[in-house]
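A.B. asks: What follows is a single structure, and I will ask about it in a moment.
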Amino acid sequence: MQLTNDIQTGVILQYIFIVILSVIVYRLGFAKKLPLGKNIVIYFSLCIGCILMLFFSYALPIAEGLGVAALLLIIYKIRLHQSKRQVNSEVSGGK
């Protein structure tokens, strides 16, 4: 009985982890300003798609790949922000 509970908890936690990483990757890489209704549809579809990724995650490194993608997108966004800030300071400092 305890082993079954542990397996169910592990599957739920893995699904939540995949959903969180998918949302981070979506927000950093693909999200645009959309109305609330469209956002609800997108995130609902994302959660349904994560069920399929959960099944694949038992044979493929899905969570690890999402983690790497999220890390790369975070680094890209930080560097983009620093680059824009540097260009803005050069433009305003030169006048």
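Here, each number is a calculation from the coordinates, and none is a lab measurement. All of these numbers come straight from a predicted model, not from anything done at the bench. Please note: Cβ atoms are built from the backbone with ideal geometry, for glycine as well, and neighbour counts cover all protein chains shown.
A.B. asks: Run the helix sum for the chain: -39,500 (n - 2.57) per DSSP H stretch of 4+ residues, divided by residue count, reported at 222 nm to the nearest 500 deg cm²/dmol. Each step should come with its number before you reach the end.
C.D. replies: Numbers: 3 runs with 82 residues, N = 95.
Using -39500 (n - 2.57) per qualifying helix, the result is -31000 deg cm²/dmol.
A.B. asks: Once you have the Cα-Cα distance between Leu72 and Cys47, take 0.36 nm times their residue separation minus that, and quote the gain in nm to one decimal.
C.D. replies: So the chain would gain 6.8 nm between Leu72 and Cys47.
A.B. asks: If you average the sequence gap of Cα pairs under 8 Å that are 6 or more apart and divide by the length of the chain, what percent do you get for the contact order?
C.D. replies: The normalised contact order for the chain reaches 38 percent.
A.B. asks: While we're on this one: What's the Cα-based Rg to Rh of the range 2-94, Rh via Kirkwood?
C.D. replies: Details: Rg = 18.1 Å, Rh = 15.6 Å.
On the Cα set of the range 2-94, Rg over Rh gives 1.16.
A.B. asks: While we're here: Looking at the range 4-95, which chymotrypsin sites (Phe, Trp or Tyr not before Pro) are DSSP coil and have at most 15 other C-beta atoms within 10 Å of their C-beta?
C.D. replies: Working: sites: Tyr15, Phe17, Tyr26, Phe30, Tyr43, Phe44, Phe55, Phe56, Tyr58, Tyr76; in loops: Phe30, Tyr58.
When the chymotrypsin sites (Phe, Trp or Tyr not before Pro) of the range 4-95 are filtered for loop state and at most 15 Cβ neighbours within 10 Å, Phe30, Tyr58 remain.
A.B. asks: In the Gaussian network model of the chain, springs joining C-alpha atoms below 10 Å, which of Ala70, Ala59, Ala31 carries the largest mean-square fluctuation?
C.D. replies: Ala59
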